[in-house]
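Okay, so here's the structure we're looking at.
The values are calculated or read from the model by the stated rules, or taken from the named source; none is laboratory data. For clarity, every value in this text was computed on a predicted model and none was experimentally measured. Don't worry about glycine lacking a Cβ; one is built from the backbone with ideal geometry, like all the others, and counts go over all protein chains shown.
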């Protein structure tokens, strides 16, 4: 696995991840949702600019994402608790 600096990810790539995560019929939907959750903790302004928090919030409310909803909620709580995330 390759580690990538979260601050080096271009906006276009973040928007692509958000687009795939929002498209439920895509086979990479769940993978992009998890990548978006990880990116939200590492680079919250990028996720906010690419409208990724909307997709993450919709996933929390979706019953088919019970396995991911807890980790997404924990990410939201982490961001709300962090001074940079407020």
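Brief remarks on what is shown
- Failed item, numbered, when residue 52 is tested on (1) in contact (Cβ under 8 Å) with a residue 24 or more places away in the chain; (2) surrounded by fewer than 21 Cβ atoms within 10 Å (Cβ to Cβ): (2)
- Of all residues assigned to the stretch 4-13, at least one qualifies as being exposed (fewer than 13 other Cβ atoms within 10 Å of the Cβ), at pLDDT below 90 and not in a helix (DSSP H, G or I).
- Qualifying residue in the stretch 28-48 (condition: surrounded by 13 or more Cβ atoms within 10 Å (Cβ to Cβ) and outside any helix (DSSP H, G or I)): yes
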